[in-house]
Amino acid sequence: MARMLKMVTAAAVSAGGLFSVLPAPVPTVRAFTTSQSSHRAAGAVWTLGRLNHVAVAVPDLEKARAFYRDVLGAQVSEVSPLPEHGVSVVFVNLGNTKMELLHPLGSDSPIAGFLQKNKAGGMHHVCIEVDNINAAVRDLKEKKIRSLSEEAKIGAHGKPVVFLHPKDCGGVLVELEEA
């Protein structure tokens, strides 16, 4: 058997190589740049900006705060209650962006419902900056993208925010924040 295999291999190599019928892969170069910090949709009067933060719902805010501060060595803010949104927040500075740790303020908080379904917590939403939130909301409404509120509210950074329905955004809850 080994002798037969040697003969077949030798014949294949002498006929142009064992894998000569397979095309050689052509390397693909994909350019990705982060130098362009914003993107304007065709015909839009607003501009999409940078990722502001990724929000993570946590069942124990102090424990999560301590993990990012004491274990990972990140700069971590104090706890800020936001009763108008039904949450307490902590921001973790990551240099190029932030994480927002969310914890419910009361049982009617949207984060309380999220944590009932996800006991250990998890990613809740992404926040992207826009240069004109009212124009963005009008434009997205025309494009049949629903928002979770009729108008923008003041968010954790003291700027207007609006949340877009995850069913219209590929399953992701998207927060837009005016830059």
### Task
Determine if segment 44-62 includes at least one residue that is open to solvent by 80 Å² or more (accessible area, probe 1.4 Å), β-branched (Val, Ile, Thr), within 24 Å of Cys169 (Cα to Cα) and more than 19 Å from the chain's Cα centre (by Cα).
yes
### Task
Give me a count of the residues in segment 121-179 that are out of contact with any Asp or Glu (no Cβ under 8 Å at 6 or more places or on another chain), aliphatic (A, V, I, L, M) and in a strand (DSSP E or B).
2
### Query
What are the residue pairs meeting all of these: first residue in segment 142-163, first residue farther than 23 Å from Leu102 by Cα and β-branched (Val, Ile, Thr), second residue part of a loop (DSSP other than H, G, I, E, B) and open to solvent by less than 40 Å² (accessible area, probe 1.4 Å), Cβ atoms under 9 Å, and 6 or more apart or on different chains?
Ile145/Cys169
### Message
Take Ser109 and tell me if it is of a type in the set (Ser, Thr, Tyr) and more than 16 Å from Ala55 (Cα to Cα).
### Response
no
### Task
Please work out which one of (1) open to solvent by 30 Å² or more (accessible area, probe 1.4 Å); (2) among the small types (Gly, Ala, Ser); (3) farther than 14 Å from Asn52 by Cα is the condition Gly121 fails and give its number.
(1)
## Note on the structure
Among the residues of segment 63-105, the number that are small (Gly, Ala, Ser) and crowded, with 17+ Cβ neighbours inside 10 Å is 4
### Task
For segment 51-116, please list each of the strands (runs of 3 or more DSSP E) lying entirely inside it that holds at least 2 residues being of a type in the set (A, V, I, L, M) and touching an Asp or Glu at 6+ places or on another chain (Cβ under 8 Å).
87-93
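The values are calculated or read from the model by the stated rules, or taken from the named source; none is laboratory data. Only a predicted model underlies this, so the values are computations on that prediction, with no experimental measurement involved. Backbone-built Cβ (ideal geometry, glycine too); neighbour counts: all protein chains shown. Remember, those area values only see protein heavy atoms, side chains included, never the ligands or the DNA or RNA. Shrake-Rupley method; radii C 1.70, N 1.55, O 1.52, S 1.80 Å.
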